[in-house]
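Asks: Take this structure, written in structure tokens, and hold onto it; I'll ask about it next.
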Amino acid sequence: MFEQGVIRPPSEAFSLLVRVTRNCPWNRCLICPAYKGTSFSRRSVEEVKRDIDMMAEAYGSQTSRIMSAFLQDADTLILPTAELIDIMKYLKVRFPAITRITTYARAKSMKKKSIDSYKQLRDAGLTRIHTGMESGSLKVLKMIRKGITPDDILTGGLRVMASGISLSEYIIPGVGGKTMSQEHALETARLLNEIRPNFIRVRTFAMHPESPMQKMVADGTFVHMNDEEIVAEIRLLVENLDEMHSHFRCGDFSLNLLMQVDGFLDTQKKAMLEELDKYLSLTSEEKQAYSFLQRSYPGQRPFDVVKDPKALKQLSREVEKLGKKGEDGFNKYIRMVMSSQLPQPQTDKWM
Ligand code: SF4
């Protein structure tokens, strides 16, 4: 049977998943449960080709319907360019309708490839790279043990953009906690304005209950932000982003409170700021009701609901009940609901 890894971006839900390496070569980020308890290994080109053969056999006459593929796992660009080209060419032989091949990569590996290598990869079929920059702040990157620097992110990102391959940069509002919120927003905006990626994908921070970051909360070195504070941080970020042709995306991740803040910065920045301000101008009671509704029962048009006095009263009763469950009870509930949506580590010894 062919292999498949544990995760892929939401935008690759309909892509053929081709595993070219196993797990993550870094695997030390404190924010990420996905590969904890696993170890990294490369796969030989022959092994990957055998998987492609097995997938082609499994799909049979349906192979001609497969138009998109995603190369797994966490850092495909760690492989030599020639091996990746060989794999993609073979993939296109066995699945001739494929016109789109995308992958994940770490900034460290992205920095090691030249513009010329990226152009070769583009010519062989690589159309998009998804990468987690998380923050433009060196302090934040160090705190979460990301193992990359703003220079890695910038150098690799600029090379990908220069080659014509589409680039998705992932960022995490709230990951700096209260103490580093402003620096996190401003440094992230500064770096993104230099890279000008095709996509800026927003992934609001949620802490896994077994993350070693829980110790940082206990000793006071990390202070959680609530929904209102995170929305204010996103506003500061958007305000400082240039009106460039980058798609600022909140709509493809359910942990983003305002999923409707989603559009191109060159044409929709003002509208996105207005939407953020619409939430920030709610009363405290309305904001809590909004969070409770969106986190507990997503898809309910929260702005309309919290402006209905009867509905607001009902929601506020629920918020009040949660508030009585100990110190910071309401925000603890919100964090618990959010963390329950994270992938699970593959070990019980992450902490
Ligand atoms: S965030 Fe990315 S680099 Fe960090 S451990 Fe997870 S998969 Fe690896």
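Asks: Looking at the chain, which Cys residues are left with no other cysteine's beta carbon under 4.7 Å from theirs?
Replies: Cys24, Cys250
Asks: Enter the per residue convex hull volume of the stretch 144-210, computed from alpha-carbon coordinates, in Å³ rounded to the nearest integer.
Replies: Given the Cα convex hull of the stretch 144-210, per-residue volume reads 98 Å³.
Asks: If you roll a 1.4 Å probe over the stretch 26-152 with all protein chains in place, what percent of the accessible area is carbon or sulfur?
Replies: On the stretch 26-152, the fraction of accessible area on carbon and sulfur atoms equals 51 percent.
Asks: Something else about it: Could you tell me the relative contact order of the stretch 207-351? Use alpha-carbon pairs under 8 Å, at least six residues apart, and round to a whole percent.
Replies: Details: 128 pairs, mean separation 32.6, N = 145.
The value is 22 percent.
Asks: For Thr99, what accessible area in Å² do you get when you roll a 1.4 Å probe over the heavy atoms of the protein chains, rounding to the nearest 10?
Replies: So the heavy atoms of Thr99 present about 100 Å² to solvent.
Asks: Something else about it: Trypsin sites (Lys or Arg not before Pro), restricted to the stretch 1-56: which are DSSP loop and have at most 15 other Cβ atoms within 10 Å?
Replies: Here the sparse-neighbourhood loop sites are Arg28.
Asks: I would also like to ask the following. Output the Cα-based Rg and Dmax of the stretch 267-342 in Å, rounding Rg to one decimal and Dmax to a whole number.
Replies: 13.5, 45
Asks: Further, regarding this structure: Counting only Cα, what are the radius of gyration and maximum Cα-Cα distance Dmax of the stretch 201-351, in Å?
Replies: Every Cα atom of the stretch 201-351 included, Rg and Dmax give 16.6, 47 Å.
Asks: Under the Karplus relation 6.51 cos²θ - 1.76 cosθ + 1.60, θ = phi - 60°, what is the ordered set of whole-Hz ³J(HN,Hα) values for the stretch 170-176, x standing for Gly and Pro?
Replies: For the stretch 170-176, the Karplus-derived couplings read 9, 10, 10, x, x, 6, x Hz, x marking Gly and Pro.
Asks: Students often forget the sequence filter, so: which lysines lie under 19 Å Cα-Cα from Lys310 once same-chain residues fewer than 8 apart are removed?
Replies: Partners within reach: Lys287, Lys321.
Asks: Let me ask you something else. Just the projected area, averaged over all directions, of the convex hull on the alpha carbon atoms of the stretch 63-192: how many nm²? It would help to have the intermediate numbers written out before the result.
Replies: Details: hull surface 31.7 nm².
Averaged projected hull area, Cα only: 7.9 nm².
Asks: Return the calculated 222 nm mean residue ellipticity for the chain, to the nearest 500 deg cm²/dmol, obtained by summing -39500 (n - 2.57) across DSSP H runs with n ≥ 4 and dividing by the residue count.
Replies: Working: 14 runs with 164 residues, N = 351.
That calculation yields -14500 deg cm²/dmol at 222 nm.
Asks: Give me a comma-separated list of calculated 3J(HN,Hα) values for the stretch 314-322, in order, Karplus coefficients 6.51, -1.76, 1.60 applied at θ = phi - 60°, integers in Hz, x for any Gly or Pro.
Replies: 5, 5, 5, 5, 5, 4, 4, 4, 5
Asks: Hey, which of these cross-link pairs are over 22 Å Cα-Cα: Lys178/Lys307; Lys36/Lys113; Lys36/Lys146; Lys139/Lys332; Lys112/Lys142?
Replies: In this structure, Lys178/Lys307; Lys36/Lys113; Lys139/Lys332 lie more than 22 Å apart at Cα.
Asks: Could you give the dipole magnitude of the chain about its Cα centre, charging the beta-carbon of Lys and Arg +1 and that of Asp and Glu -1, in debye to the nearest 20?
Replies: 660 debye
Asks: To continue, here is another question. Binning every alpha carbon pair distance of the stretch 50-111 at 10 Å from zero, what are the percents per bin?
Replies: The percentages, shortest bin first, are 21, 51, 24, 5.
Asks: Among Ser44, Ser246, Ile78, whose Cα lies farthest out toward the positive end of the dipole of the chain, if unit charges sit on the beta carbon of Lys, Arg (+1) and Asp, Glu (-1)?
Replies: Result: Ser44, furthest along the dipole toward the positive end.
Asks: Take the Cα pairs of the chain, get the Kirkwood Rh, then feed it into Stokes-Einstein at 25 °C and 0.890 mPa s and tell me D in µm²/s.
Replies: For these conditions, the coefficient is 114 µm²/s.
Asks: Determine how large the accessible area of Phe40 is when every protein chain is in place; take a 1.4 Å probe and give Å² rounded to the nearest 10.
Replies: For Phe40, solvent-accessible area is about 60 Å².
Asks: Also, I was wondering about something else. In nm, to one decimal, how far is the Ser340 label point from the Ala82 one, both placed 7 Å along Cα→Cβ?
Replies: In this crude spin-label approximation the distance works out to 5.2 nm.
Asks: Same structure again: Per residue, how large is the accessible surface of the chain? Use a 1.4 angstrom probe and give square angstrom.
Replies: 45 Å²
Asks: Kindly report, to the nearest 10 Å², the accessible surface of Phe253 as traced by a 1.4 Å probe over protein heavy atoms only.
Replies: Near enough 50 Å² of accessible area.
Asks: Which percentage, to the nearest 5, of the DSSP beta bridges contained in the chain is antiparallel?
Replies: Among the beta bridges of the chain, antiparallel pairing accounts for roughly 15 percent.
Asks: Can I ask one more? Considering the stretch 1-104, what Rg and Dmax in Å follow from its alpha-carbon atoms?
Replies: 13.6, 44
Asks: Now, a different point. Once Lys and Arg get +1 and Asp and Glu get -1 on their Cβ, which of Ile101, Met1, Ser11 lies farthest toward the positive end of the dipole of the stretch 1-104?
Replies: Farthest towards the positive pole: Ser11.
Asks: While we're on this one: So what is the relative contact order of the chain, in percent, for Cα pairs below 8 Å that sit 6 or more residues apart?
Replies: 15 percent
Asks: Here is a follow-up. May I ask you to rank Glu187, Glu169 by accessible area, largest first, using a 1.4 Å probe over the protein chains only?
Replies: Glu187, Glu169
The values are calculated or read from the model by the stated rules, or taken from the named source; none is laboratory data. Quick caveat, the model's predicted, so the values are computed rather than measured. Quick reminder, even Gly has a Cβ in these numbers, built from the backbone with ideal geometry, and neighbours come from all protein chains shown. Side chains included, ligands, DNA and RNA excluded: accessible areas come from the protein's heavy atoms. Shrake-Rupley method; radii C 1.70, N 1.55, O 1.52, S 1.80 Å.
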